[in-house]
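In what follows, a single structure is set out as structure tokens and then discussed.
Every number in this text was worked out from the coordinates using simple rules, so none of it is lab data. On a predicted model such as this, the values are computed, not experimentally measured, just so you know. In this analysis, Cβ positions are derived from the backbone assuming ideal geometry, glycine residues included, and neighbour counts consider all displayed protein chains.
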Ligand code: NAP
């Protein structure tokens, strides 16, 4: 019995979850609908819900078959389907809630029990203006680290406005008909009232705007006025640099806040495996982010889904307007990281989300059954993504424009050991297809021959460009590549503004981002508080 339970949820995880479920406020009825027995997805789903209910009796499970009257009454036609508090809310999970999606299910149960929300006051206020019904579908996969947040946006809306909003979270790999319908192979993907709204996780305020208007919203189209909050330090960006800065700022006594416009973790969140961060010989990117996040949270406030829309300085005080509120701060640390670089070839934009992806961790799952994909790039990201795609069962090849890779030798050795094909001196000239990617035009630069390579997925990992919007708003000095110029103490060209991590260029390692985040916070402390041992830094 223990063995079986361990397979569904290891003992250590059950221990943590027992503690987490102590936060349950009211009872949460959970209905599970399944078809034929013996299917791995239905077994995992029923097993998971059973384990949850054994950990806390406020979770009240009921199991029904797909051909039962109850299934008809609830309008359930797919197996497995999980309904949460179905007499009160319209929240359903279609598919097995595996991997990252187990998080979603746990959070959904927790907030359904307390009528809670992850939405800000502003987002809720806007949501209450809704007059017509909305059916929100968020398509997800178990490996997608961004999916739980977008799913929780939808679930929170369904809890806040149960008479008008229904939330349906769909595991897309098991429900491939949706892939055929929308030709979408990137997640999270959101559809509201049948209207495809877009991919990615959105800050709560923008998400609700999309719910109201049934159209994609960007940050410029939403203006929000909220509270004014005084802090010593605003840290913009929740990657390793920002989280470490928050940790050091809090420990030195500064009141700080970390603002992350999407989900904390930065590039690490989508790195399948990290093998060069000291202290961990091998750790998943998401797991490393979790550890950093939990530690930082003891010393600083961290807000996800909060985007800075305006920033200016008045009498030595910085005023930052975000999608939620206004911060007044004595100093700023910028750790906004970098964004993926585009290849800029025909078909790249057209097929983005339809086979073209910049996130192997998020979207690789669609190709796991021996489907043909390529990764483009010669650095550590391309090599790591290739190894990940191979490990989940995709038929993957690597394409690089030079005669050798620049990825570190350990990764290159792993590629060789697995006999993964590498097309060197080769470039993709075009990405082709009808509704989705079906091939690429590959040019061999040695003999200039061009061939059509049949592939369903194209993963582009050709480096990053700095996310320097905030730096530009402040008018900071940037280098030729757009990276923020800093001195040895992470000071930028503006007093009391510091920068750390990938946005400053350099070697772009987790270890260096963490180092720079700590230096930035220590320097900020010394310059803000001027302790006696640092009267002149
Ligand atoms: P990178 O090291 O900058 O490599 C980018 C690769 O893409 C290069 O091989 C480059 O080719 C190629 N490229 C650039 N533009 C291209 C274009 N238009 N067409 C075709 N190819 C193009 O980027 P990265 O691999 O994302 O890594 C970024 C940083 O993160 C690095 O410092 C890396 O060490 C770090 N990182 C580390 C790990 C790890 O240690 N496990 C994992 C991921 C990232 P050329 O070689 O010809 O310039």
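I want the antiparallel fraction of DSSP beta bridges within the chain, as a percent rounded to 5. Counting only bridges with both partners in the chain, antiparallel ones make up about 45 percent. Taken as Cα centroids, region 377-437 and region 1-68 sit 39 Å apart, rounded to the nearest whole angstrom. This ranking places 270, 111 by how few other beta-carbon atoms lie within 10 Å of each, fewest first, which gives 111, 270. In terms of packing, defined here as the mean over residues of other Cβ atoms within 10 angstrom, the peptides 436-446, 322-332, 412-422 line up highest first as 322-332, 436-446, 412-422.
With neighbour counts taken as other beta-carbon atoms within 10 Å, the residues 146, 277 rank, fewest first, as 277, 146.
Grouping the Cα pair distances of the chain into 10 Å bins from zero gives a pair-distance distribution of 4, 17, 26, 27, 19, 7, 1, 0 percent in increasing distance order. Protection proxy ranking for 93-100, 488-495, 477-484, using the average of other Cβ atoms within 10 Å per residue and placing the highest first: 93-100, 488-495, 477-484. Extension gain for the segment residue 346 to residue 15, taken as residue separation times 0.36 nm less the Cα-Cα distance, is 114.0 nm to one decimal. Protection proxy ranking of 228-235, 137-144, by the mean of other Cβ atoms within 10 Å over each peptide's residues and highest first, is 137-144, 228-235.
Put simply, region 339-438 fits an ellipsoid with semi-axes of 21, 16, 12 Å; these come from the alpha carbon gyration tensor as the roots of five times its eigenvalues, largest first.
Roughly how many whole Å is it from the C-alpha centroid of region 238-257 to that of region 171-190? Their Cα centres are 38 Å away from one another. Fewest neighbouring Cβ atoms within 10 Å first, the residues 473, 152 line up as 473, 152. Note on region 55-173: percent of Cα-Cα distances in each 10 Å bin, starting at 0 and stopping at the bin with the largest distance, equals 13, 45, 35, 7, 0. Computed from the Kirkwood radius of its Cα pairs, the Stokes-Einstein diffusion coefficient for region 389-481 at 4 °C and 1.567 mPa s stands at 81 µm²/s.
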